[in-house]
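Everything on this sheet refers to the single structure shown next.
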Amino acid sequence: MWFFQKYRAILVTMALFILNLLVLQYTDFDLFVQDYAYNFETGKWLLEDVHAHYGWLLYTGIKVGLVVFAILLIILLALSYKASFAFLKQFRRALACVLISMMVCPLLIGAGKQVSNVYCPYEIERYGGSMPYVKPLSPYPASFKQEHRGMGFPAGHAAGGFALLSLFFVSRDRKIQLLLGGAGLSVGVFMGVYQILRGQHYIGDTMVTVLGCLLFNLILFRVFPGKQRRPTYYKTV
C-alpha cells in the first residue's frame with residue numbers, strides 16, 4: 001500500500017497509457033473521431049486550407065517559439081552559476097528539468113515513430129491515400145508490399161508542446177502549478193488538435209504522446225525532487 005501511495009501518479013499514468021493502447025487496438029475510436037475531421041465529399045481535411053495559408057505561423061511558428069523558449073532557459077541556467085545572478089540559483093533545478101523534458105520527450109516520441117510503422121490518416125485508403133489502415137500492434141496484410149515505413153505513431157509534433165507539462169512540477173504552490181501546467185498543457189493540446197484536424201495524426205497518437213510525456217516528467221521530477229521546505233518554528237516569550 002505504501003508503494004502505491006508513494007508512486008500513485010506514476011502508476012495511474014502507466015495504467016492510462018496501457019488502457020489507451022488497448023482502446024486503439026481493439027476499437028475503431030481513432031477512425032470515429034478522424035471521420036469528423038475529414039470531408040468525404042471534397043476530399044479535404046478541416047484545416048487543410050488553413051495550413052496552406054497560415055502553416056508558417058500555426059505549425060512552424062510555434063515550433064520556433066519552443067526553440068526560443070528553450071534557448072532562454074539555457075541562458076538563465078548558465079547565468080545561475082554566476083555570482084551576479086545568484087538569485088537564479090533557487091530555480092536551477094526547475095530550469096534544468098524543463099530543459100531535459102523539452103529535449104528528451106521529442107526524442108522518445110521520435111524513437112517510437114521509428115519502430116511503430118503506422119501511417120498517418122491522410123496516407124490511408126479511407127481518406128484518399130494508398131496505404132492500408134493497420135492498428136499499432138497489428139501486422140500488415142501479407143499482400144501489401146511496403147515501399148516505405150509509416151511514421152505516424154505516436155504524434156511527434158505535439159511532443160514539444162506536451163513536454164511543457166514539466167512546468168507543472170517546478171513549483172510547490174498549487175496556484176502556480178495550475179497556471180504553468182495549464183499553459184504547458186494548452187500548448188500541447190493546440191499542437192495535437194491542429195495535427196488531427198489536418199490529417200497528420202489520430203487522436204490515439206496524440207493521447208500516447210501526452211501520457212508518455214506526463215509519465216516521463218513524473219519520473220524525472222521523482223528522480224530530482226528538489227529540497228523540501230523545512231518547517232519554521234517560532235520562539236515563545
Just need a number here: residues in the stretch 1-49 that are in contact (Cβ under 8 Å) with a residue 40 or more places away in the chain and either assigned to a helix (DSSP H, G or I) or over 21 Å from ARG126 (Cβ atoms) (or both).
19
The lone exception for ARG126 - which of (1) outside any loop (DSSP other than H, G, I, E, B); (2) open to solvent by less than 50 Å² (accessible area, probe 1.4 Å) it fails:
(2)
By residue number, the members of the stretch 1-60 that are loosely packed, with under 14 Cβ neighbours inside 10 Å, within 22 Å of the chain's Cα centre (by Cα) and among the charged types (D, E, K, R) are ARG8
Any idea how many residues of the stretch 114-123 are open to solvent by 30 Å² or more (accessible area, probe 1.4 Å) and either modelled with pLDDT under 95 or outside any helix (DSSP H, G or I) (or both)?
2
Name every residue in the stretch 50-88 that is outside any helix (DSSP H, G or I) and either touching a residue at least 12 places away in the same chain (Cβ under 8 Å) or under 30 Å from GLY129 (Cα atoms) (or both), in order of residue number.
SER80
Hey, among the residues in the stretch 170-199 that are more than 15 Å from the chain's Cα centre (by Cα) and in contact (Cβ under 8 Å) with a residue 40 or more places away in the chain, which one's surrounded by the fewest Cβ atoms within 10 Å (Cβ to Cβ)?
ARG172
Filter the stretch 106-141 down to the residues that are among the hydrophobic types (A, V, I, L, M, F, W, C) and farther than 19 Å from GLN25 by Cα and list them by number.
LEU107, LEU108, ALA111
It is to be established whether one or more residues within the stretch 94-109 are in a helix (DSSP H, G or I), exposed (fewer than 14 other Cβ atoms within 10 Å of the Cβ) and within 23 Å of the chain's Cα centre (by Cα).
yes
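The values are calculated or read from the model by the stated rules, or taken from the named source; none is laboratory data. Small disclaimer: the values here were computed from a predicted structure and weren't measured. Note that we place each Cβ from the backbone using ideal geometry, even for glycine, and neighbour counts take in every protein chain shown. Side chains included, ligands, DNA and RNA excluded: accessible areas come from the protein's heavy atoms. Shrake-Rupley method; radii C 1.70, N 1.55, O 1.52, S 1.80 Å.
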